[in-house]
Amino acid sequence: MGTSTKTARPGVDRRFYTAMGLLAAAIILLGFGRTYYLKAAFGTPGLTPLVHLHGLVMTTWFLLFIVQAKLVADRRVDLHRKLGMVGALVALAVLVVGPWTAITAARLGHAPPGPPPLVFLVVPIGDMVVFATLVGAGLWYRSRPDVHRRLMLLSCIGMLTAAIARIPLDVVAKAGVPLYFGLTDLFVLGCLFYDRVKTGRFHPAFVAGSVFVILSHPARLMFAGTALWMKWAHWMVG
């Protein structure tokens, strides 16, 4: 780790987390705008109640992150802490509805252009494992704001892969899963190095969380091609 004693200006540091939450929300909108948020304008097919529930839960999570980051930026830590229990409940809902929706989509043969549905299923299921780990650790360290906020930010960025996969650009569709993961990794690395520039060191929580997110991607790619994963995938879709 770096040895510099440089520290970020509090206002800049607080605004960074709000800005990253807004950027993540923009990517979600870009990826799911045509098929969910703006579907009425694009005339895309109707959605099932489960997909609507999934969209509501995920939207609530990202909006809550932005609100929580803004509360800290505005020095309303008291209200931030009160909303923490709501955040824990929303996270639990993500971990229930997320896999349920992903497995149902795979069962129906739905997936972004490129990988077969059962192969792509490793992406959202892996996202849920990463999310659960980061949010669980973030809640455990809620008394350590420096650790807590970094892990919670990474929990949001780690879930951007599905939205990136659905960005309506041919180059994205043709590149497939490696690009989906690669762009997610760029966001992770961007946060890591921004933090390094502003604080003068690599924060251990950011390093550990970033390595965990990034290494989960090649791990999923390798696992998706195995007979064991296909056996599990077939079992999950039943």
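The values are calculated or read from the model by the stated rules, or taken from the named source; none is laboratory data. These numbers come from a predicted model, not from an experiment. Cβ coordinates were reconstructed from backbone atoms using ideal geometry, including for glycine residues, and neighbour counts include every protein chain displayed. To get the accessible areas, we keep the full protein, side chains included, count just its heavy atoms, and leave off ligands, DNA and RNA. Shrake-Rupley method; radii C 1.70, N 1.55, O 1.52, S 1.80 Å.
Taking LYS198 and the conditions (1) closer than 30 Å to LYS82 by Cα; (2) touching an Asp or Glu at 6+ places or on another chain (Cβ under 9 Å); (3) in a helix (DSSP H, G or I); (4) open to solvent by less than 50 Å² (accessible area, probe 1.4 Å), which numbered condition does it fall short on, given that it satisfies the others? Exception for LYS198: condition (4).
Is it true that ALA208 is touching a residue at least 60 places away in the same chain (Cβ under 8 Å) and of a type in the set (Gly, Ala, Ser)? When the stated conditions are applied, ALA208 does not pass them. Among residues of the range 14-36 that are surrounded by fewer than 19 Cβ atoms within 10 Å (Cβ to Cβ), those with a Cβ under 7 angstrom from a residue that is among the polar types (S, T, N, Q) and not in a helix (DSSP H, G or I), sequence gap 6+ or separate chain, pair up as ARG34/THR44; THR35/THR44.
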